[in-house]
Amino acid sequence: MIDWKDKREFWISGAKVIDPETAKMRTGSVLVQKGAIAEIVWQKAVETELPVLDATGYVLTPGFVDIHTHLREPGYEEKETIATGTAAAAAGGYTSVVCMANTDPVVDEPSVVEFITKRAQQVGRCRVLIAAALTKGLGGEVINEYFYLKSAGAVALSDDGKFVTNSQVMRAALEYAGFHGLTVISHCEDAFLVENSQIHEGYVSTRLGLKGAPAAAEEIAIYRDIRLAQLTGSPLHIAHVSTAGAIDLIRKAKRKGLPVTAEVTPHHLTMNDELLETYDRNLKVNPPLRGKRDSAVLLDAIRDGAIDCIATDHAPHNEIDKQVEFDMAPPGMIGLETAFAQLHTELVVPGKLDLVDLVRLMTVRPAEVLRIQGGRLRKGEPADLALIDPGEEWVLEKHLIRSKSKNTPLIGKTFTGRIRGVFLEGKWQSAILEEG
Ligand code: DOR
Ligand code: ZN
């Protein structure tokens, strides 16, 4: 163990430092003091008596912020716990995650918010922020008490995993959420159109004989929610956008100046339904992997700002859950540990996306969407930082995965670019298992 890791005051010098707010990457050095960023200088070396971490050759960015994570605790600790989920987050460069409410019990009472907060303080390897449920038990019928959920610490509201079918309920939810200054994160899939669906409806679903979910299911739901955001004037964030038609709707809403934001997942950006020919259950997600053209349009949308940010939808399910008939397998794949490496490998290395833009989409942009702290490189802010080796090639092996569930189609894949670790309030959390 190198001793600067345990120091309260040290310099990280010589890294390529990314400031996502100004969208600049320059060689610089950062002073960490008592857990905060005390100084940023745009020079390679510093003269100091303090310990210095020579980060030459590395990229230093604010820790990533994931506004869509399923931590599964309480209730599904066999899939993930706050301890394992936040360890996975830290290994992926994240210093903050927003966890979703589909736990057991559902996060629809202040006591559940308090439980998660307390547990995260005890065992968390990154900050845990909470999206409480929009409706009682995620039932889509009775609105929760947002004032008390916010007072307990919830930073957003979502019935993620489920669409709120009743438009009157959604209207009222948006009205009350807006009143309390909370953004509603909507899972947009028309429940009837996607009933029993397994993958995207198209050529592949026909060939494989699997029931498809049409792009229209997502687009109808998004249109309704945009219209309700317009009616109420309340902020709406659309989760895991996956179709080209959805991008059209979001572009139009933004042009009108409506309070609408949207996220895309690494898997929808880099994979498509042709992969389903393997019947790999780990490729089954909601919304489903779409066609090639959809992912191409999603890429355009993160480049030009139609999509605001990248969020993982890290959805752990264990092997026993997934090793069943395709139609019985629960949807979801893990993503925290591979998000950066996958997007760096697939988009940045081939020149389709700038590294600074990728970092913006994973730091300041998601933080702005939910109006939360983190994701900025600012003097005085907590020293939540990610240290990245952009050139390292590595293979994702199952035993390297820190998440309790291993449900990713990326095992065995070679990536370029690796998170070496994060500083959480100045404290080093290694991403590499061998280093402990
Ligand atoms: O694939 C998904 N899995 N999509 C969701 O919206 C929910 C998630 C889960 O909770 O497993
Ligand atoms: Zn989700």
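The values are calculated or read from the model by the stated rules, or taken from the named source; none is laboratory data. None of these values were measured; they are calculated from a predicted model. Don't worry about glycine lacking a Cβ; one is built from the backbone with ideal geometry, like all the others, and counts go over all protein chains shown.
Computed quantities for the displayed model
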| quantity | calculated |
| --- | --- |
| Near pairs, Cβ below 8 angstrom, 6+ apart or cross-chain, from segment 401-428 (touching a residue at least 12 places away in the same chain (Cβ under 8 Å) and at positive phi) to any residue that is part of a loop (DSSP other than H, G, I, E, B) and of a type in the set (Val, Ile, Thr) | Gly417/Val349; Gly421/Ile432 |
| Restricting segment 291-301 to residues that are under 18 Å from the mean Cα position of the chain (by Cα) and surrounded by fewer than 24 Cβ atoms within 10 Å (Cβ to Cβ), the residue that is farthest from Gly417 (Cα to Cα) | Ala301 |
| Residues being part of a loop (DSSP other than H, G, I, E, B), free of Cβ contacts under 8 Å to residues at least 40 places away in the same chain and either within 24 Å of Pro331 (Cβ to Cβ) or within 16 Å of ligand 2 (Cβ to nearest atom) (or both) - total across segment 163-190 | 4 |
| Single unsatisfied condition, Glu319 versus (1) surrounded by fewer than 22 Cβ atoms within 10 Å (Cβ to Cβ); (2) closer than 29 Å to Asp389 by Cβ | (2) |
| Residue within segment 358-368 that is assigned to a loop (DSSP other than H, G, I, E, B), within 15 Å of the chain's Cα centre (by Cα) and charged (D, E, K, R) present | no |
| All positions within segment 259-283 that are over 18 Å from the mean Cα position of the chain (by Cα) and not in a helix (DSSP H, G or I) | Pro259, Asn272, Tyr279, Asp280 |
| Segment 410-436: number of residues that are of a type outside the set (Lys, Arg), surrounded by fewer than 19 Cβ atoms within 10 Å (Cβ to Cβ) and part of a loop (DSSP other than H, G, I, E, B) | 5 |
| Sole exception among (1) touching a Lys or Arg at 6+ places or on another chain (Cβ under 9 Å); (2) within 16 Å of ligand 1 (Cβ to nearest atom) for Met100, by number | (1) |
| Qualifying residue in segment 112-125 (condition: under 21 Å from the mean Cα position of the chain (by Cα), more than 30 Å from Trp11 (Cβ to Cβ) and not in a helix (DSSP H, G or I)) | no |
| Residue within segment 218-229 that is charged (D, E, K, R), touching a Leu at 6+ places or on another chain (Cβ under 8 Å), within 16 Å of ligand 1 (Cβ to nearest atom) and not in a loop (DSSP other than H, G, I, E, B) present | yes |
| Condition met for Asp313 (within 16 Å of ligand 2 (Cβ to nearest atom) and among the acidic types (Asp, Glu)) | yes |
| Residues that are basic (Lys, Arg) and modelled with pLDDT of 95 or more, drawn from segment 6-20 | Lys16 |
| Residue within segment 60-77 that is touching a His at 6+ places or on another chain (Cβ under 7 Å), within 16 Å of ligand 1 (Cβ to nearest atom), in contact (Cβ under 8 Å) with a residue 12 or more places away in the chain and aliphatic (A, V, I, L, M) present | no |
| Evaluation of Ile372 against (1) in contact (Cβ under 8 Å) with a residue 24 or more places away in the chain; (2) β-branched (Val, Ile, Thr); (3) assigned to a loop (DSSP other than H, G, I, E, B); (4) under 30 Å from Thr278 (Cα atoms) (one fails), failing number | (4) |
| Residue in segment 294-306 that is closer than 23 Å to Pro366 by Cβ and either assigned to a strand (DSSP E or B) or within 16 Å of ligand 2 (Cβ to nearest atom) (or both) present | no |
| Test for Ser158: is it away from ligand 1 (no atom under 16 Å from the Cβ), in contact (Cβ under 8 Å) with a residue 40 or more places away in the chain and small (Gly, Ala, Ser) | no |
